[in-house]
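What follows is a short report on a single structure.
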Amino acid sequence: KTLLVTAATLLPVSGYAQTVGFSQIGSESGWRAAETAVTKEDAKQEGITLKFADAQQKQENQIKALRGFIAQGVDAIFLAPVVATGWDEVLGEAKDADIPVILLDRKVDAPDDLYMTAVTSDTVHEGKVAGEWLKDAVDGKPCNIVELQGTTGASVTIDRKKGFADAIDGASNLKIIRSQTGDFTRAQGKIVMESFLKAEDGGKDICALYAHNDDMALGAIQAIKEAGLKPGKDIKIVSIDSVPDMHLAIAHGESNATVELTPDMAGPAFKALKAYWKDGTMPPKWIQTKSTLYTQDSDNMAAYDRKKDLGY
Ligand code: GZL
């Protein structure tokens, strides 16, 4: 009996447990932290060993992490690329090592044979949804807009800026008067919004804020209050991510609209990997996640509770 127990203890569980190396950007926003939590949970559910590396927003740390994963011979790599350029060499090394790379939530400017698939939302569309919402909200009245951009050089920043600009293009009453990066963080969002308010005579001529993510908008809300103005009323606010704190702000009338981005990019990524490992099935080059608009008017603020199971 003892022999059996020992043997059973010693033998590895049946089937080989795959290992995935995940190079995560950092924890700059509530959304990013939720993506990390969901990815770790998904890996556990799938019985996959996840090696996690936090790059603290630095591309060189991501490249180092990828080289480490390649040296360790992981079975696959997840990469959330902080910026869009500078990946060809290290992705080429992963390809030479026959390690599939899946991009999460942002894209890269690189030949698409250097990655298996990208799991992202349509980030141009998100900007468009935000712009359309504002256009309807101001209903033809003149509106000076200030814009808090995401991380400079990130695919999502380029796209969300373009989508919003496309949506308001041709509406002569809408004008972006100031636009600057707040690097997707609350702290920077507050600091840059303070500078916008100061530069615009205390903000009396600012009609709206478009922030590329909720965390910068939440920082800006603090700045707007400290300037003695009412966020969501004196200055309309639209942003992207739909994090729980933004749902709270909207429910309290301190913001107006947010476009949801699911933090669960890893779910579809693991699914694609399992199919590939099973019989070589290749996923499409882009697996798109959906974008839903949440506003004060719609009755889906209760969705705030639903967020609990979304990794927040
Ligand atoms: C978008 C993602 C962005 C989030 C931000 O897909 O890359 O990065 O919108 C996060 O909250 O910082």
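The values are calculated or read from the model by the stated rules, or taken from the named source; none is laboratory data. Predicted model only: the values in this text are computed from it and were never measured. Counting neighbours? That spans all protein chains shown, and the Cβs are built from the backbone with ideal geometry, glycine included.
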Report summary line: Scanning region 237-284 for residues that are within 18 Å of the chain's Cα centre (by Cα), on the phi < 0 side of the Ramachandran plot and polar (S, T, N, Q) gives Ser239, Thr258, Thr262
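Being polar (S, T, N, Q), touching a residue at least 24 places away in the same chain (Cβ under 8 Å) and out of contact with any Gly (no Cβ under 7 Å at 6 or more places or on another chain), is that true of even one residue in region 152-161?
The answer is yes, given that some residue of region 152-161 is polar (S, T, N, Q), touching a residue at least 24 places away in the same chain (Cβ under 8 Å) and out of contact with any Gly (no Cβ under 7 Å at 6 or more places or on another chain).
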Query raised in the report: When only residues in region 96-140 that are among the acidic types (Asp, Glu) and farther than 18 Å from Val259 by Cβ count, which is nearest to the ligand (Cβ to nearest atom)?
Result: Asp109
Query raised in the report: Yes or no: Lys141 over 26 Å from Pro81 (Cα atoms) and part of a helix (DSSP H, G or I)?
Result: no
**Report entry** Residue among Thr181, Thr185, Thr151 that is within 16 Å of the ligand (Cβ to nearest atom) and under 18 Å from Thr120 (Cβ atoms)
**Finding:** Thr151
Query raised in the report: Which one of these is in contact (Cβ under 8 Å) with a residue 24 or more places away in the chain, polar (S, T, N, Q) and touching a His at 6+ places or on another chain (Cβ under 6 Å): Gln188, Gln180, Gln149?
Result: Gln149
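Let's see how each residue does on (1) crowded, with 20+ Cβ neighbours inside 10 Å; (2) touching a residue at least 40 places away in the same chain (Cβ under 8 Å); (3) small (Gly, Ala, Ser):
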| position | (1), (2), (3) |
| --- | --- |
| Lys51 | no, no, no |
| Leu66 | yes, yes, no |
| Phe78 | yes, yes, no |
| Ala84 | no, yes, yes |
| Gly92 | no, no, yes |
| Lys95 | no, no, no |
| Asp122 | no, yes, no |
| Gly127 | yes, yes, yes |
Requested in this report: Could you tell me whether Ile177 is crowded, with 23+ Cβ neighbours inside 10 Å and among the aliphatic types (A, V, I, L, M)?
Outcome: no
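Would you mind listing the strands (runs of 3 or more DSSP E) fully within region 198-302 where at least 3 residues are closer than 20 Å to Leu103 by Cα and within 16 Å of the ligand (Cβ to nearest atom)? First the steps, then the outcome.
Numbers: elements: 208-211, 236-241, 257-260, 286-289, 293-295.
The qualifying strands (runs of 3 or more DSSP E) are 286-289.
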**Report entry** region 68-86, subset assigned to a loop (DSSP other than H, G, I, E, B), under 20 Å from Thr123 (Cα atoms) and not small (Gly, Ala, Ser), residue farthest from the ligand (Cβ to nearest atom)
**Finding:** Thr85
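Quick grid of which residues meet (1) aliphatic (A, V, I, L, M); (2) within 13 Å of the ligand (Cβ to nearest atom); (3) modelled with pLDDT under 60:
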residue: Lys1; (1), (2), (3): no, no, yes
residue: Ala7; (1), (2), (3): yes, no, yes
residue: Leu11; (1), (2), (3): yes, no, yes
residue: Ala17; (1), (2), (3): yes, no, no
residue: Gly21; (1), (2), (3): no, no, no
residue: Ser27; (1), (2), (3): no, yes, no
residue: Ala34; (1), (2), (3): yes, yes, no
residue: Ala37; (1), (2), (3): yes, no, no
residue: Ala43; (1), (2), (3): yes, no, no
